[in-house]
Amino acid sequence: MIRPKTEEEIELLRENAIIVSKTLAEVGKAVAPGVTTKELNRVAETFIRDNGAIPSFLGFEGFPAAICASVNDVVVHGFPSDYVLKEGDIVTADIGTLYKGYNGDSAYTFPVGEVDARTRKLLDVTKASLYKGIEAAVAGARTGDIGYAVQSYVESFGFSVVRELEGHGIGREMHENPGVPNYGRPGRGTHLVDGMTICIEPMVNAGGKAVYLDRNGWAVHTADKSKSAHFELTVVVRKGRAEQLSTFDFIEKDGRINF
Ligand code: MG
Ligand code: MG
């Protein structure tokens, strides 16, 4: 039995979600050709600490950095490095915070300069599939309804959903039950209850769904070297419509940048 969060807990999760959302926007402002992914990590870690939070990924099961920076064919869990971003790349920043005992966790895939039309489509479809998932995340539905909504949308564009990784509950722990797969069948999986807090995070490949684990034990790559996108938001399951805790508005409605 998964305990729904109290409204007090939800407010603490909201504070984390806002810090993470703003951190993603700071990273987005720094994304440009010529910038290293290590620099994106520095920007994020500085912003998180300046806001009194802790970068929860740093040291998590031995992860070496404050953010995951996953470029092109890397689906998730890329290490920030000396790799220099170039025009046409995409880079996913996945960011976690720990603040007042609760967690934040969200991700956004940024284009580096101008990207080709198919890559732009991959980003648009992946983000739209996340919102399809959120629409399905209502009290009385089940996790399979979320997965089905994401998968059916993504596959209608000829892209594929990664199966090996999934969304999750969030609270005092970054990863709580239930698991929230990005594929599935309606009416299957864990029942969604009012007050449950979950991260929905489709990982979508431009090519096939197969992935492999890097020798470093962390980075997940597409098997066919196609590009992969990943968008993640934290929501509260409610009756009728889920409530978003994190947001991409700081990235997309800032006025200075527009992805
Ligand atoms: Mg994440
Ligand atoms: Mg997550």
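Every number in this text was worked out from the coordinates using simple rules, so none of it is lab data. This structure is a prediction, so every number in the text was calculated from the model and none was measured. Here the Cβ positions follow ideal geometry from the backbone for every residue, glycine too, while neighbour counts run over all protein chains shown.
Would you please give the residues with an amide H less than 5 Å from that of residue 203, counting only those at least 5 places away or on a separate chain, with H modeled from the backbone geometry?
Excluding prolines and chain starts, which carry no amide H, the hits are 162.
Skipping prolines and chain starts, which residues have an amide H placed within reach, meaning under 5 Å, of the one on residue 194, given they are 5 or more residues away or on another chain?
Those lying under 5 Å, H to H, from residue 194 are 140.
Separation of the stretch 29-44 and the stretch 200-259 by C-alpha centroid, Å?
First find each Cα centre; the distance between them is then 18 Å.
If neighbour count is taken as other Cβ atoms inside 10 Å, put 239, 86, 121 in order from fewest to most.
Sorted ascending by nearby Cβ count, the order is 239, 86, 121.
With a 10 Å Cβ neighbour count serving as the proxy for reagent exposure, in which order, fewest first, do 173, 39 appear?
Exposure proxy ranking, most exposed first: 173, 39.
What FRET efficiency do you get for residue 120 and residue 7 if R0 is 51 Å and r is their Cβ-Cβ distance, rounded to the nearest 0.05?
On the way: r = 40 Å, r/R0 = 0.77.
E between residue 120 and residue 7, to the nearest 0.05, is 0.80.
What is the spin-label model distance, in nm, from residue 38 to residue 215 if the labels are put 7 Å beyond Cα along the C-beta direction?
Taking the simple label geometry, residue 38 and residue 215 are separated by 2.0 nm.
To make sure I understand, if each residue's beta carbon is the centre and we count other beta carbons within 10 Å, what order do 246, 156 fall in, fewest to most?
Exposure proxy ranking, most exposed first: 156, 246.
Run the numbers for residue 100 and residue 163: contour at 0.36 nm per residue of separation, minus the present Cα-Cα distance, in nm. Write out the running numbers ahead of the final one.
Working: separation 63, 0.36 × 63 = 22.68 nm, distance 3.26 nm.
Net length gain for the segment: 19.4 nm.
Quick check: residue separation of residue 30 and residue 152 times 0.36 nm, minus the Cα distance between them. What number comes out in nm?
Details: separation 122, 0.36 × 122 = 43.92 nm, distance 3.36 nm.
Here the segment from residue 30 to residue 152 would lengthen by 40.6 nm.
I want to check the label-to-label distance for residue 252 and residue 51. Put each point 7 Å from Cα in the C-beta direction and report it in nm to one decimal.
About 1.8 nm separates the two model spin labels.
Pick from 146, 54, 134 the residue whose mean-square fluctuation is largest in a GNM of the chain, springs joining Cα atoms under 10 Å.
54
Would you list, by chain and number, the aspartates and glutamates whose Cα falls below 15 Å from the Cα of residue 5, excluding same-chain residues fewer than 8 positions away?
Within reach: 15, 173, 176, 194, 243.
Can you classify the chain as rounded, prolate or oblate using the Cα gyration tensor, where a ≥ b ≥ c are the square roots of its eigenvalues, rounded means a/c under 1.5, and otherwise it's prolate if a/b beats b/c and oblate if not? Write out the running numbers ahead of the final one.
Working: a/c = 1.59, a/b = 1.17, b/c = 1.36.
The shape class here is oblate.
Grab the other residues whose beta carbon is less than 13 angstrom from that of residue 6, score K and R as +1, D and E as -1, and report the net.
-1
Residue 253: which aspartates and glutamates have alpha carbons under 18 Å from its alpha carbon, excluding same-chain residues fewer than 8 sequence positions away?
26, 124, 232
Each residue of the stretch 143-149 in order: what ³J(HN,Hα) in whole Hz does its phi give by Karplus 6.51 cos²θ - 1.76 cosθ + 1.60, θ = phi - 60°, with x for Gly and Pro?
4, x, 5, 5, x, 5, 4
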